[in-house]
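Student: Quick one: this structure, given as structure tokens, is what I'll be asking you about.
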Amino acid sequence: MIFKDKEKLSPRYIPENLPHREDQIKTLKSFLWNSLQNPSKALLQVLQIMGDVGSGKTVTTLRFGDEFQKEAIRRKINLKHVYINPKVHGSSRIILYRYLVQEAAPEIFSANLSAEELLIELIRHLQRTNRYLLISFDEIDYFVKHSKESVIYDLTRLNEISPGRPTCVLGIIFTARSTKFHEKLDRAELSTLGAFPIRFDSYSSKEVFDILEARVGGAFQPRAITNDVLEYIADITSSSPVNGDVRYALDLLLYSGTLASNEGAEAVNQEHVRKVVNATHPSITDEDILNLSEKGRVVLLAIARALKRAKSSYVSLREIRSTCGIVCEEYRLKKIDEIEEQVQDLADRDIIDIKSLTSIGISGVSTEALERFLDKLVDRIRIGIDKS
Ligand SMILES: Nc1ncnc2c1ncn2[C@@H]1O[C@H](COP(=O)(O)OP(=O)(O)OP(=O)(O)O)[C@@H](O)[C@H]1O
Ligand SMILES: [Mg+2]
């Protein structure tokens, strides 16, 4: 037996303790905790979180949001943390506001309301019922890149909807990988965002080790994993091209463990990890695939297939389109009409690279690694399609 509880390695699992993110949680507290003393007088706090891929931004926000909500309830304040992620919940403004209202106050939801009306109704309802929100808007950089609409302006000015009355939204946390999206914002949006993001530096090897050590306890049987193996994974994870993405480290642990288990081994060894490293690539993690819509997965599968067939690093949109038709037939799915849109979305998610309409490829994978990687990728996506 290798595993005790595989779920503990899943990207959706939120651990109780987050080693090496104590300072960031403390900073978030320093901005927001006071508002719980007298929430009806509190000003809307707008915060930004910035850090590279897999540096713990999302998990820290979720953990903090949960603690904040618990503390509010302890003080008899009716508060809810609402987490919004455009990669998961939809990438248009109206869809996200609908999601926000359904999470925060489903009783006032109406599909007839416009985006502006949804926010106004929401704030009035919160004021009437004496309820409060903390909103986390994750992946704002993806939203800004992908959509021409603006949400920052609306959300940072919720306090102007009924001046003189409590805002009822105590804080908004915007999260992004870098400040590059600032270039696309206008001056008003930039100034409401504030100049000082809370930084999440990429994890060092030692930090990755501590994080994994804390997580493997629940996931693996006592002797199924050794410090040697963890150190090896931590070294791979903290160096280029992974650069500290803990998500990759967790994928490595899961797949190496599965491999060891299939071989009937008693413990995971470095050789298991090495085999998995050779067949995976950090540019596309399981979570990326999990977050895609079915159409997104089908188009990605078509790209992988087309690349494999062409034995090249790039294929054209035309080839993708024809491969996509075949994939849809194979899985008995409806034909996808908006292939270009899906291809653009995959590029906005940094999963693929569009050099031009005739050269579309998968980001950051060398030609030699591509074949092996594509096989594995096709498997992973196929499992995703079959499941959904
Ligand atoms: N300090 C930590 N302790 C335990 N697990 C962690 C820690 N930091 C990150 N993780 C885990 O690593 C994975 C990636 O973290 P997370 O999703 O928060 O990264 P992120 O910074 O939001 O990345 P992205 O920019 O890609 O969204 C998650 O499964 C998370 O649970
Ligand atoms: Mg994230």
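Coordinate-derived values only; no laboratory data. Small disclaimer: the values here were computed from a predicted structure and weren't measured. Cβ atoms come from the backbone with ideal geometry, glycine included; neighbour counts cover every protein chain shown.
Student: Compute the helix-to-body angle for 57-74: its Cα long axis versus the longest principal axis of the chain, expressed 0 to 90° and rounded to tens.
Tutor: Around 40 degrees separate the two axes.
Student: Restricting to the chain, compute how many DSSP beta bridges are antiparallel as a %, nearest 5. Intermediate values should be presented prior to the final figure.
Tutor: Details: 6 of 26 bridges.
Bridges in the chain that DSSP calls antiparallel: roughly 25 percent.
Student: Can you spot the lysines whose alpha carbon is less than 19 Å from K8's alpha carbon? Ignore those fewer than 8 places along the same chain.
Tutor: K57
Student: Using only the Cα atoms of region 218-277, what semi-axes does the equivalent ellipsoid have when each is the square root of 5 times a gyration tensor eigenvalue? Give whole Å, largest first.
Tutor: 19, 11, 10
Student: Let me ask something else about it. Can you spot the lysines whose alpha carbon is less than 25 Å from K41's alpha carbon? Ignore those fewer than 8 places along the same chain.
Tutor: K26, K29, K70, K76, K80
Student: Under the 0.36 nm per residue contour assumption, what length would be gained going from the current alpha-carbon distance of I95 and L190 to full extension?
Tutor: 31.9 nm
Student: Hey, fewest Cβ within 10 Å first, where do V229, V378 land in order?
Tutor: Ordered from fewest to most neighbouring Cβ atoms within 10 Å, V229, V378 come out as V378, V229.
Student: Applying the Karplus parametrisation 6.51 cos²θ - 1.76 cosθ + 1.60 with θ = phi - 60° to the phi angles of region 342-349, what ³J(HN,Hα) value in whole Hz is obtained for each residue in order, glycine and proline being reported as x?
Tutor: 5, 5, 4, 5, 4, 6, 5, 7
Student: Under 5 Å between amide H atoms, partner at least 5 residues away or on a different chain: which partners does C168 have, H built in plane at 1.01 Å?
Tutor: HN-HN under 5 Å from C168: empty list.
Student: Arranged from highest to lowest average of other beta-carbon atoms within 10 Å per residue, in what order do the peptides 164-172, 311-319, 148-156, 180-188 appear? Please list the in-between numbers first.
Tutor: Working: 164-172: 20.2, 311-319: 15.8, 148-156: 17.4, 180-188: 12.6.
My ranking of the peptides, most packed first, is 164-172, 148-156, 311-319, 180-188.
Student: Next question. Using θ = phi - 60° and the Karplus form 6.51 cos²θ - 1.76 cosθ + 1.60, what ³J(HN,Hα) does each residue of region 244-252 get, whole Hz, x for Gly and Pro?
Tutor: Listing the rounded values in order: x, 6, 5, 4, 5, 4, 5, 4, 4 Hz.
Student: Using a Debye calculation, one point per C-alpha and no hydration shell, please list log10 I(q)/I(0) for the chain at q = 0.14 Å⁻¹ in order.
Tutor: Log-scaled intensity ratios, in q order: -1.29.
Student: Provide Rg and Dmax in Å for region 286-387, with only Cα atoms included in the calculation.
Tutor: 12.1, 34
Student: If you don't mind, there's one more thing I want to ask. Under 18 Å Cα to Cα from K206, which aspartates and glutamates show up? Leave out anything in the same chain fewer than 8 places away.
Tutor: K206 reaches E22, D23, D52, D228, E231, D235, D245.
Student: Sticking with this one: Take the alpha-carbon centre of region 1-30, take the same for region 252-318, and report the distance between them in whole Å.
Tutor: Centre-to-centre distance over Cα atoms comes out at 24 Å.
Student: Quick one: 3J(HN,Hα) in Hz for region 42-50, Karplus 6.51/-1.76/1.60 with θ = phi - 60°, rounded, Gly and Pro as x.
Tutor: Couplings: 5, 8, 5, 9, 10, 10, 10, 10, 9 Hz.
Student: A further question follows. Applying a 10 Å radius around every beta-carbon, put 247-260, 110-123 in order of their mean neighbour count, most first.
Tutor: 247-260, 110-123
Student: For the peptides 292-299, 324-331, what is the packing order when you average, over each peptide's residues, the other Cβ atoms within 10 Å and list the highest mean first?
Tutor: In decreasing order of mean packing, 292-299, 324-331 become 292-299, 324-331.
Student: Here's another thing I want to ask about it. Nearest 10 degrees is fine. How inclined is helix 227-238 to the longest principal axis of the chain, computing both from alpha carbons?
Tutor: 70 degrees
Student: Taking 7 Å along the Cα-to-C-beta vector as the label spot, tell me the H182-Y331 distance in nanometres, rounded to one decimal.
Tutor: Distance between label points: 4.0 nm.
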